[in-house]
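The values are calculated or read from the model by the stated rules, or taken from the named source; none is laboratory data. From a predicted model like this one, the values you see are computed outputs, not experimental measurements. Neighbour counts are summed over all protein chains in view; Cβ atoms, including those assigned to glycine, are modelled from backbone coordinates with ideal geometry.
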Amino acid sequence: MEYLKKLYKYILPYKRFGVLNIVCNIFYALFSTLAMVSLMPMINVLFGEGQKVYDKPVYDGFNGLKSYVQDSMNYFITTTTDTHGAQRSLLYMIVIIISLFLLKNFFNYLALFFITFLRNGVLKDLRNAVYEKVTQLPISYFSEQKKGDIIARISGDVNEVKNSLLAVLELIIKEPLTILFAIVAMFMISVKLTIFVFIFIPIAGIIISRIGKSLKRKSDRVQKEQGEFLSTMEETLSGLKVIKAFNAENQFGSKFKDSTNRFYRFSNTLLNRQNLASPTSEFLGILTIAALLWYGGSMVLIDKTLSGGAFIGYMALAYQILTPAKAISKASYKVRAGNAAADRVLQIIDTTSTLEDKIDAKELSDFKTSIELNNINFKYEDELVLKDFSLSIEKGKTVALVGQSGSGKSTIANLIMRFYDVNDGSIAIDGVDIRDLSKRSLRQLIGLVTQDSILFNDSVKNNISLGKPGSSDNEIIEALKVANAWEFVKDLPSGIDTHIGDAGNKLSGGQKQRLSIARAVLKNPPIMILDEATSALDTESERLVQEALENMMKNRTSIVIAHRLSTIQRADRIVVMQKGKIVEQGKHDELLSAAGTYRNLVEMQSFQ
């Protein structure tokens, strides 16, 4: 029940399927018991042991139900045998047994049919919830997590939860009801024999529970290790060029094999523990059956207190208990594994984002005056990256941030985009603290072009239209022209419908960067952030991209982070940063004349 509470809100939309499953399982358990009980009169017909009843029984209340049912069956057999012969009675008994088994299996199928919708529905909603949460969590969260582990949770762990849902319903509804109905029938046949059986049940239960005590912990280790080797696989695919260039195949291969070897050992331990459940429960069941044969046989052969037909029917019921008992032991292991998987999945879903929108977050539809960074302090871990940093960026102006690597340039871009929040101070747009704005409206005002051209395994059109969903082909082509990208896109096999491969690997670096710029152009935001957008390009590509950037920056407020002179010399203001502080600022010519830090950087021709 604790497990179901964890998943309650995901089960709730599909509760009708759960209810239908429970109803069908009740009928399944009922007809399973009746099918076994119906063996008794058939055996009595075969061996002529049935009591002859010539007067039709009268129902006189619940207390006499057992006698009424027995007498009614014996009356039916007696009258049929006298009228049509024993063979006709036997035929009727066989038809009844077949019908009961047919109904049992029909309701079993319906129960599985309905539970399929619940299980797959929960699977779908859990995956959607994890994915949605992953896109909402701040970037800082993923610096502490392995991508492969997150992928393992959204695939393997969620699937484990799905499989365990059937086990839960079997554990609390189907199998217990089957056992309950069988025990009721067994008590009706012989109270003495049933009490004898119950001596063995607690012993079997204690042994089985001891076997499964550590299963959740072992299952958790298996799932964590799966995340480890998936992380290695993801890193390998992302950095395959580097791995090959440095002949590091063996190094990464060893890391992957170490993880899969650990997974192999943990999985063996887990599965062997699971596999022990079935033979153990079956052996304990056979011991119970053996004791029944000895004790019940004496009641038939010596005491004459039980008929042969009743004893065989009783044995069938007792053996029927074994199957659900084994299923319960297996289901308990699945539930423990599912519980461990659910904990891992819900850990992501229940993670609180440090960048949640305020309840009364404002929507800013346009940018009117300025961006103000006021006395900002910020650190990723222990050391401050920005120290008491202040900067004002007026609308329509281009401000360039330059400085050595680690001076805090890209951090400014991350903070304005609100990928992180400042530790002290504030960032305001048109006088409104960005923490008081919804993240969606804030980011709608800003276009971002990064050093790494992030493209997706899709068509040119779909990559560009991320900037403005639902754009027409003409709008996309115009954006491509502004970005100097149309000249190569028009020559692609399918034009804007051409797929560009994983991360755009079918294109050159300059082509990918121009598509990134086209995406930002199509978005047409009032504020543009260019984070070292030309640093990874050759001279020819840089010329085309720089021209595209200049086209894009016209009539916009632009923040340019760069280490190449050509990209920032026309800026309205150049801000020179060092160790998180501003050391110089002014126009290109003014800073050159000042003969300070900026001039040194220019002479080195590299703002790193």
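Among the numbered criteria (1) at pLDDT below 90; (2) more than 41 Å from the chain's Cα centre (by Cα); (3) surrounded by fewer than 20 Cβ atoms within 10 Å (Cβ to Cβ), which one does Glu381 miss?
Result: Glu381 passes all but (2).
Answer with yes or no whether Leu322 is modelled with pLDDT of 70 or more, of a type in the set (A, V, I, L, M, F, W, C) and out of contact with any Cys (no Cβ under 6 Å at 6 or more places or on another chain).
Criteria not met by Leu322.
Provide a single number: the residues in the stretch 126-148 that are basic (Lys, Arg) and surrounded by fewer than 14 Cβ atoms within 10 Å (Cβ to Cβ).
Taking the stretch 126-148 first, the residues basic (Lys, Arg) are 127, 133, 146-147.
Applying the additional criterion that residues be surrounded by fewer than 14 Cβ atoms within 10 Å (Cβ to Cβ) yields none.
The number of residues fulfilling the criteria is 0.
For the stretch 384-403, how many residues meet the condition of being buried (at least 17 other Cβ atoms within 10 Å of the Cβ) and over 24 Å from Asp424 (Cβ atoms)?
Qualifying residue count, the stretch 384-403: 3.
Checking Leu165 against (1) at pLDDT below 75; (2) more than 25 Å from Val335 (Cα to Cα); (3) in contact with a Lys or Arg (Cβ under 6 Å, 6 or more places away or on another chain): exactly one of these is not met. Which one?
(2)
Exactly one of these conditions fails for Leu123: (1) under 8 Å from the mean Cα position of the chain (by Cα); (2) crowded, with 18+ Cβ neighbours inside 10 Å. Give me its number.
(2)
Phe456 passes all but one of (1) crowded, with 16+ Cβ neighbours inside 10 Å; (2) among the aromatic types (Phe, Trp, Tyr); (3) within 28 Å of Gln136 (Cβ to Cβ); which number fails?
Evaluating Phe456 over (1) crowded, with 16+ Cβ neighbours inside 10 Å; (2) among the aromatic types (Phe, Trp, Tyr); (3) within 28 Å of Gln136 (Cβ to Cβ) leaves (1) as the failure.
Among the listed residues Gly285, Gly239, identify the single one that is surrounded by fewer than 17 Cβ atoms within 10 Å (Cβ to Cβ), at pLDDT below 75 and of a type outside the set (S, T, N, Q).
One residue alone meets the criteria, Gly239.
Which members of the stretch 434-462 meet the condition of being among the polar types (S, T, N, Q), in a loop (DSSP other than H, G, I, E, B) and without any contact (Cβ under 8 Å) to a residue 60 or more places away in the chain?
From the stretch 434-462, those among the polar types (S, T, N, Q) are 438, 441, 444, 450-451, 453, 457, 459, 462; that's our starting set.
After this cut, where a residue has to be in a loop (DSSP other than H, G, I, E, B) as well, the list is 438, 451, 453, 457.
The one that is among the polar types (S, T, N, Q), in a loop (DSSP other than H, G, I, E, B) and without any contact (Cβ under 8 Å) to a residue 60 or more places away in the chain: Asn457.
Within the stretch 97-116, count every residue that is crowded, with 17+ Cβ neighbours inside 10 Å and of a type in the set (A, V, I, L, M).
Summing the residues that are crowded, with 17+ Cβ neighbours inside 10 Å and of a type in the set (A, V, I, L, M) in the stretch 97-116 gives 6.
Against the definition (of a type in the set (Gly, Ala, Ser), at pLDDT below 70 and assigned to a helix (DSSP H, G or I)), how does Ala291 come out, yes or no?
So Ala291 fails the test.
Just checking, how many residues over the stretch 379-409 are closer than 20 Å to Arg556 by Cβ and in contact (Cβ under 8 Å) with a residue 24 or more places away in the chain?
12
Pairs only if they're at least six apart or on different chains, beta carbon under 7 angstrom, first in the stretch 463-479 and surrounded by fewer than 20 Cβ atoms within 10 Å (Cβ to Cβ) and among the polar types (S, T, N, Q), second at pLDDT below 90 and in a helix (DSSP H, G or I); list them, first residue then second.
These pairs meet every condition: Ser471/Ser465; Ser471/Leu522.
Please specify each residue of the stretch 117-153 satisfying the condition of being β-branched (Val, Ile, Thr) and in contact (Cβ under 8 Å) with a residue 40 or more places away in the chain.
The answer is Val122, Val130, Val134, Ile139, Ile150, Ile151.
Pairs, please: C-beta under 7 Å, at least 6 apart or cross-chain, first residue under 17 Å from Ala520 (Cβ atoms) and in the stretch 482-503, second exposed (fewer than 13 other Cβ atoms within 10 Å of the Cβ) and at pLDDT 85 or above?
Filtered contacts from the stretch 482-503: Ile496/Asp473.
Can you find a residue in the stretch 431-443 that is of a type in the set (Gly, Ala, Ser) and farther than 29 Å from Ser370 by Cβ?
Taking every residue of the stretch 431-443 in turn, none turns out to be of a type in the set (Gly, Ala, Ser) and farther than 29 Å from Ser370 by Cβ.
Among the residues of the stretch 479-510, which ones are in a helix (DSSP H, G or I) and within 19 Å of Met553 (Cα to Cα)?
Residues satisfying the conditions are Ala479, Leu480, Lys481, Val482, Trp486, Gly510.
Can you pull out the residues in the stretch 365-416 that are assigned to a strand (DSSP E or B) and touching an Asp or Glu at 6+ places or on another chain (Cβ under 6 Å)?
Answer for the stretch 365-416, where residues must be assigned to a strand (DSSP E or B) and touching an Asp or Glu at 6+ places or on another chain (Cβ under 6 Å): Ser370, Asn375, Asn377, Ser392, Thr398.
Do we find that Ser231 is at pLDDT 75 or above, crowded, with 17+ Cβ neighbours inside 10 Å and touching an Asp or Glu at 6+ places or on another chain (Cβ under 7 Å) in this structure?
no
Evaluate the following for Phe367: is it buried (at least 19 other Cβ atoms within 10 Å of the Cβ) and aromatic (Phe, Trp, Tyr)?
Working: buried (at least 19 other Cβ atoms within 10 Å of the Cβ): no; aromatic (Phe, Trp, Tyr): yes.
For Phe367, the condition - buried (at least 19 other Cβ atoms within 10 Å of the Cβ) and aromatic (Phe, Trp, Tyr) - is not met.
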